[in-house]
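What follows is a short report on a single structure.
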Amino acid sequence: MSTLRDKRLFLFDMDGTLYLEDTLFDGTLELLHRIREKGGTYLFLTNNSSKGVDAYVEKLTRLGIPCEAADFLTSTDATVAYVREHAPSKRFYCVGTRSFVQQLRSCGLSVTDDVTDDAVDGVILSNDTELTFAKLSHASRLLTCADRLYLATNPDWVCPTSFGSVPDCGSFAQMLEHATGKRPYVIGKPRPDMLQLAMRRCGCTAEETLMVGDRLYTDIAAGVNAGVDTVFVLSGEGTRAMLASSDVTPTYVMEDVRELCRRIG
């Protein structure tokens, strides 16, 4: 059985794990430096599909974390990979930000603003911080009137903020389910796809990999599903009380990333 000292690849959720909004958590920079000092690698994984990788590079750089685009994997990346494999010729209507739609188009996916029946083969739902009633109405009609492929980038109910939480893609999906009776096929965490892609990219095994996050039902569940050890940090959405009611069991429970820094040696 591998220990924390044996880990070579560290996969980090970001908001709630390394920082909260624009506040970098104490210990984050020290931990990242320590990983590199030990000869390890880290990648930043996020279910948030409302922003492009360039926005994350800008934000983390502003917070003092040196990074580049190759350091990130997002639920948008996983969605693109899924569509390329399973539905490469389908045309999609997207409930998402302009940035999200541009990312899909730049990756060669067929995305349309035409919401007539013949123009749309499927619907993709994401964390839309530019959500409008018109988008919800179009998606409801498309999902109700035909049996279309329906994908969601991630199942997160909320995004953490300094004052609490705001709705995320999972909440939007539940709203559409009440309206249409349809449930999406969810792409991001807790599915293991992003973690498996990260391990292939870095040439690391599951035993050498550690997933660190603040959400049991996405971050930690994804690690369990990918067969890697996990650290559940209590600096974001997650609390100790949640452990008692969850069927997802992390390998380790820690207060924050500073504790992880102390324990990796």
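Nothing in this text is a laboratory measurement; each read-out follows from the coordinates by a stated rule. Values in this document were obtained by computation on a predicted structure and should not be read as measured data. Neighbour counts run over all protein chains shown; Cβ positions are idealised from the backbone, glycine included.
Shown is the FRET efficiency for Q174 and E37, computed with R0 = 51 Å from the Cβ-Cβ distance and rounded to the nearest 0.05: 0.70.
Report summary: the helix-based calculation at 222 nm, which adds -39500 (n - 2.57) for every DSSP H run with n ≥ 4 and divides by the residues of the chain, gives -10500 deg cm²/dmol. Cβ crowding within 10 Å, taken as a proxy for footprinting-reagent exposure, orders C202, C94, C261 from fewest neighbours to most as C202, C261, C94.
Please compute the length gained on full extension between T205 and L24, using 0.36 nm multiplied by the number of residues separating them and subtracting their Cα-Cα distance.
Working: separation 181, 0.36 × 181 = 65.16 nm, distance 2.96 nm.
Stretched out fully, the T205 to L24 stretch lengthens by 62.2 nm.
Extension gain A69-A146, at 0.36 nm per residue separation less the Cα-Cα distance, in nm? The partial results should precede the final answer.
Numbers: separation 77, 0.36 × 77 = 27.72 nm, distance 3.81 nm.
Full extension from A69 to A146 adds 23.9 nm.
Computed over the chain, relative contact order equals 22 percent, with contacts defined as Cα pairs under 8 Å that lie 6+ residues apart. Taking a sphere under 12 Å around the Cβ of R91 and counting the other residues whose Cβ falls inside, with K and R at +1 and D and E at -1, yields a net charge of -2. If only the Cβ of Lys and Arg carry +1 and only the Cβ of Asp and Glu carry -1, the dipole of the chain around its Cα centre is close to 400 debye.
As a proxy for reagent exposure, Y185, Y150, Y252 were ordered by neighbouring Cβ count within 10 angstrom, fewest first; the result is Y185, Y252, Y150. Mean projected area of the convex hull spanned by the Cα atoms of the stretch 88-186, taken over all viewing directions: 6.4 nm². Using +1 at the C-beta of Lys and Arg and -1 at the C-beta of Asp and Glu, which of F12, G64, I35 has the Cα lying farthest in the positive direction of the dipole of the stretch 1-78? Comparing the listed Cα positions along the dipole, I35 ranks first. Stretching T3 away from T249 to a fully extended chain increases their span by 86.9 nm, per 0.36 nm per residue minus the current alpha-carbon distance. Here the simple spin-label model places points 7 Å from the Cα toward Cβ, and for D117 and S89 these points are separated by 2.2 nm.
How do F72, F100 rank when sorted from fewest to most other Cβ atoms within 10 Å of their own Cβ? Mind showing how you got there, number by number?
On the way: F72 19, F100 28.
Arranged by neighbour count, lowest to highest, F72, F100 become F72, F100.
If you average the alpha carbon positions of the stretch 19-91 and of the stretch 220-247, how far apart do those two centres end up, in angstrom? So the two Cα centres are separated by 19 Å. Per residue, the Cα convex hull of the stretch 9-112 amounts to 104 Å³.
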